[in-house]
Amino acid sequence: MGIGNKLRLNSRMLHRRILYSSARSFTTTEGHRPTIVHKRSLDILHDPWFNKGTAFTMTERDRLDLRGLLPPSVMDSEQQIQRFMTDLKRLEEQARDGPSDPNALAKWRILNRLHDRNETMYYKVLIANIEEYAPIVYTPTVGLVCQNYSGLFRRPRGMYFSSEDRGEMMSMVYNWPAEQVDMIVVTDGSRILGLGDLGIHGIGISVGKLDLYVAAAGINPQRVLPVMIDVGTNNEKLLKDPLYLGLQQHRLENDEYIEVIDEFMEAVFTRWPHVIVQFEDFQSKWAFKLLQRYRSRYRMFNDDVQGTAGVAIAGLLGAVRAQGRPMLDFPKMKIVVAGAGSAGIGVLNTARKTMARMLGNTETAFESAQSQFWVVDAQGLITEGRDNIDPEALPFARKTKEMERQGLKEGASLVEVVREVKPDVLLGLSAVGGLFSKEVLEAMKGSTSTRPAIFAMSNPTKNAECTAQEAFSILGDNIIFASGSPFKNVDLGNGHVGHCNQGNNMYLFPGIGLGVLLSGTPIVSDGMLQAAAECLAAYMSEEEVLKGIIYPPISRIRDITKRIAAAVIKEAIEEDLVGGYREMDARELQKLNEEELMAYVENNMWSPEYPTLVYKDD
């Protein structure tokens, strides 16, 4: 017998011994041999001998408590092989066509495999190298991951609730093995970053955000749950792709959609009453409706609406400081906003509230604050005369008479608005790459500010309204530049550096989540979000801010998160919303001074250390 045949025979014998040692088989009338396994749920998915991945039938999924732990599409082994080969070819093509993305994807794959093998080591590596790896596990690489998720899918992470599961979610939620979940990040995949409707591929966003919750906020990784709610997709390419893992149907709308989300929320809060749910990358028409529907009933917030707004406000307050002025001068800033989606409107609402509060929170203060914003979308400047204005944008529509005084016409373009308004800040939340063209940036030279600010906040990198290099090369070094994705600092010559500030949501949402968890508050209030933004704005030293550095380096993220969490808890105490956490009840929390509060937060942040293990025989 040849050596190859011997190896194959030995391999088959070894395989057979392992199967007989862990399972009992018998012959059916059809001649097949079903295998009796002593595992269910995630245990069987994590067992390389018995895991079938997406090939588990729906009856097997129900029998083995797997419903919700896998994407809803059932594939046979041939489809699985085809999906793997398609992904392999795609990676080879990317390696030929683009030098940067394949490197990022390769790093993501390596990190993902480490996460599958050894979670403690994964988070140890991530925390120690957070500046290098945050862009890999989240923005901007996560956008590439989501675009290719069906091909990249190997091992399930998180839960999938679909419109096909209606009536089953209350029982499905018990398929997740963790007795306690502190944090859920949920998406419906309808507006992933600036990439649009990616359907079930959006689960990558939930996974990436929770990686940052663990690394930055010290949320215990055994108590986090990424969730995808699959209500279909309107992405025609995915609908026609036989290897797509989600439901191949158009998205549910109206009451049917709301019913699915309602059932999900009731299910998770029934099992885990104290969980915090962060909504992520829902399209604008649902983002605001769901936020208003749930925020007074559940511990939840929307990161795109509220987190993006908080980070932008912190940057805007930093820009005021960078001009050598007090933050209380913020209500005097003129701001042109490009983009009126959920992120844009979220920033506008938060900025208006911040200005109004600084002006005394009167009706006059709100009117004065509202007049500081000019909002431009794809149809031009939003004005009262436009038909079918989004109700959320309506408060910021400019009056016709006022437009005439400013020399602006109905539907004025971005460059026309910038020329006439001469704003202190040009804020991009449009998801339109290159929107801040040379002409637009040239127009910013007319700003009445001593140090104008350019905020190109859209993600991923290709959707940034402009690059740092473009902004500094056209406007010179006397500007403040911030972006949503990372850019390198710009060498301006003669020892001058153009600082690139990344206004990433990861500065805020981990601290907000941790503060809400440790305070025991039943809701996430506007005051808590405001406290988080102001804490971030005040974090940088005066010397750093005057150099144009308005956001701290990501390497300080755990310290930033600790301070923001403490600020959120302090605000919850002032609003009489604290409920306590574990052994620390509300009365004890209220007695803590600032130093004790910081220690309380730090002591409740998980760190990746190997525990001592002891085996006990049943």
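Every number here is computed from the coordinates shown, using simple stated rules; none is lab data. The shown structure was predicted, so the numbers you read here are calculated from the model rather than taken from an experiment. We place every Cβ from the backbone using ideal geometry, glycine too, and count neighbours over all the protein chains shown.
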**Asked** Taking H as built 1.01 Å from N, whose amide H comes closer than 5 Å to the amide H of residue 500, not counting residues under 5 places away?
**Response** 489, 490
**Request:** Could you work out, for region 253-320, what percent of all Cα-Cα pairs fall into each 5 Å distance bin, beginning at 0 Å and stopping at the bin that holds the largest distance?
**Result:** 3, 15, 23, 22, 15, 10, 5, 4, 2, 0
**Item:** For region 158-245, projected area of the alpha-carbon convex hull averaged over all directions, nm²
**Value:** 6.5
**Request:** Please turn the phi angles of region 589-594 into ³J(HN,Hα) values with the Karplus equation 6.51 cos²θ - 1.76 cosθ + 1.60 (θ = phi - 60°), one per residue in order, whole Hz, x for glycine and proline.
**Result:** 4, 5, 7, 5, 7, 4
**Mean-position separation - Cα centroids, region 173-219 and region 104-130, in angstrom** = 17
**Complete:** Gyration tensor on Cα atoms of region 406-466, a ≥ b ≥ c root eigenvalues, a/c under 1.5 rounded, else prolate if a/b beats b/c, else oblate, says oblate
**Asked** Going from the alpha-carbon gyration tensor of region 494-618, what semi-axes, largest first and in whole Å, does one get by taking the root of 5 times each eigenvalue?
**Response** 31, 22, 12
**Request:** Return the long-range amide H neighbours of residue 300 (sequence gap of 5 or more, or a different chain), with a cut-off of under 5 Å between placed amide H atoms.
**Result:** 277, 524
**Prompt:** Just in region 536-606: which GluC sites (Glu not before Pro) are loop by DSSP and have at most 10 other Cβ atoms within 10 Å?
**Reply:** 583
**Message:** Can you compute 3J(HN,Hα) from phi for each residue in region 344-360, using the Karplus curve 6.51 cos²θ - 1.76 cosθ + 1.60 with θ = phi - 60°, rounded to whole Hz and x for Gly and Pro?
**Reply:** x, 5, x, 5, 4, 4, 5, 5, 5, 4, 5, 4, 4, 5, 5, 9, x
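Can you tell me how region 292-441 classifies by the Cα gyration tensor, rounded, prolate or oblate, using a/c under 1.5 as the rounded cut? The partial results should precede the final answer.
Numbers: a/c = 1.38, a/b = 1.21, b/c = 1.14.
Rounded, because the longest to shortest axis ratio a/c is under 1.5.
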**Message:** Quick check: from the Cα gyration tensor, does region 384-528 come out rounded (a/c under 1.5), prolate or oblate?
**Reply:** oblate
**Item:** Quotient of C-alpha Rg and 2.2 N^0.38 Å, computed over region 434-495
**Value:** 1.06
**At q = 0.21 Å⁻¹, base-10 log of I(q)/I(0) for region 262-377 (Debye sum, equal scatterers on each alpha carbon)** = -1.12
**Asked** Any idea what the relative contact order of the chain is, in percent, if you count C-alpha pairs under 8 Å spaced at least 6 apart?
**Response** 12
**Item:** Whole-number D in µm² s⁻¹ for region 77-282, Kirkwood Cα-pair radius fed into Stokes-Einstein, 20 °C, 1.002 mPa s
**Value:** 121
**Prompt:** If the limit is 32 Å between Cα atoms, which of 438/562; 52/462; 289/438; 240/409; 488/570; 285/462 go over it?
**Reply:** 438/562; 52/462; 289/438; 240/409; 488/570
